[in-house]
Amino acid sequence: MIELNKIKKTVAWSALKYICPGTVVGVGTGSTVSYFIEALSTIKHLIHGAVSSSCYSTKILKQFGIPIYDLNTISFLKTYVDGADEINPDMYMIKGGGAALTQEKIISSVADTFICIIDESKKVKKLGSFPLPVEVIPMAYSYVSNELIKLGGIPKYRKNVITDHGNIIIDTYNLQINDPVSMENKINSLPGVVTVGLFTLRTADIVLVGTKFGVDVIKNK
Ligand code: 5RP
């Protein structure tokens, strides 16, 4: 565990060199990103501030004295830095372990460059071992769960979690994600679904992979 935290910290700090001075930085959510925020605070005098993907990250950013910007007030977002729960060789990801998938999808879609910071356990050949998170409007829980069962999944209500938008998370086990693009579209088109945690339309541009030996850099073609 200590070793894993060290790897997360190293990979998070390595993302600093991709931050352009004089810009607002998009900031994701999660334990790896929390280390990134700590790193970002050391260059806070060089950046304008951050657009945050969750109340959780906003709190940490504020603790470090990094100004928060509303996404609607900025015209350009150079870089978005976030983690992932799984990533495959096409750079498709499962995200949402921290329940911030909707904001993460919005901010990453706006950003020019998505830098994904992970430890190597997140690299997979096929997506789906990690239960796929789906943010759902509460009244649609039963309907969406039944539709996820039709897709071959086993939906499980994430207990004690209400998203920043007042919605619930359904974690979907056992899905065979053979075609991630079509799965993202199918689940996103269900009424009541706010967002599915599959990221195939907005993939990572650069993946920084923390290992015991250092940080590997993978660039999307
Ligand atoms: C939050 C996410 C995170 O990026 C993902 O869960 C990875 O988190 P961690 O860095 O703690 O492993 O998608 O919604």
Once amide hydrogens are built 1.01 Å from N within the peptide plane, the residues lying 5 or more places from Thr23 or on another chain with amide H under 5 Å from its amide H are His48
Using only C-alpha positions, report the orientation-averaged shadow area of the convex hull of segment 127-183, nm², one decimal.
4.0 nm²
Hey, with R₀ at 35 Å, roughly what FRET efficiency would Ser142 and Asp70 work out to, going by the Cβ-Cβ distance, to 0.05?
0.50
4 °C / 1.567 mPa s Stokes-Einstein diffusion coefficient of segment 156-199, Kirkwood radius on C-alpha pairs, µm²/s
112 µm²/s
Assign one of three labels to segment 68-181, namely rounded, prolate or oblate, based on the Cα gyration tensor with a ≥ b ≥ c the square roots of its eigenvalues; rounded applies when a/c is under 1.5, prolate when it is not and a/b is larger than b/c, and oblate otherwise.
oblate
In Å², and per residue, what accessible area does segment 1-54 have when probed at 1.4 Å with the other protein chains present?
42 Å²
Enter the accessible area per residue of segment 85-221 (Å², integer; probe 1.4 Å; all protein chains in place).
47 Å²
Would you compute, from DSSP H runs of 4+ residues alone, the mean residue ellipticity of the chain at 222 nm, taking -39500 (n - 2.57) per run and dividing by the full residue count, rounded to the nearest 500?
-8500 deg cm²/dmol
Keeping all protein chains in position, work out how much accessible area Phe36 exposes to a 1.4 Å probe, and write it in Å² to the nearest 10.
0 Å²
Which whole-number percentage describes the relative contact order of segment 1-121, with Cα contacts under 8 Å and a sequence gap of 6 or more?
30 percent
A correct Karplus calculation of ³J(HN,Hα) over segment 127-137, with 6.51 cos²θ - 1.76 cosθ + 1.60, θ = phi - 60°, whole Hz and x for Gly and Pro, returns 6, x, 5, 6, x, 6, x, 10, 8, 10, 5
Ignoring ligands, DNA and RNA, what percent of the accessible area of the chain is carbon or sulfur (1.4 Å)?
56 percent
Charges on Cβ only, +1 for Lys and Arg, -1 for Asp and Glu, centred on the Cα centroid of the chain; of Leu16, Leu77, Pro155, which one is farthest towards the dipole's positive end?
Leu16
Of all beta bridges DSSP finds with both residues in the chain, what is the antiparallel percent, to the nearest 5?
55 percent
Please compute the contact order of the chain in relative form: average sequence separation of alpha-carbon pairs under 8 Å and at least six residues apart, divided by the residue count, as a percent.
22 percent
Could you tell me what fraction of 2.2 N^0.38 Å the Cα radius of gyration of segment 1-104 comes to, as a two-decimal ratio?
1.03
Quick one: which of Lys105/Lys126; Lys122/Lys221; Lys62/Lys156; Lys123/Lys150; Lys95/Lys156; Lys156/Lys212 span more than 24 angstrom between C-alpha atoms?
Lys62/Lys156; Lys123/Lys150; Lys156/Lys212
Give, in whole angstrom and from largest to smallest, the semi-axes √(5λ) of the equivalent ellipsoid of the chain, with λ running over the eigenvalues of the Cα gyration tensor.
28, 20, 15
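The values are calculated or read from the model by the stated rules, or taken from the named source; none is laboratory data. The structure displayed is predicted, hence computed values, not measured ones. Please note: Cβ atoms are built from the backbone with ideal geometry, for glycine as well, and neighbour counts cover all protein chains shown. When the accessible area is computed, the model is the full protein with side chains, heavy atoms only, and any ligands, DNA or RNA have been set aside. Shrake-Rupley method; radii C 1.70, N 1.55, O 1.52, S 1.80 Å.
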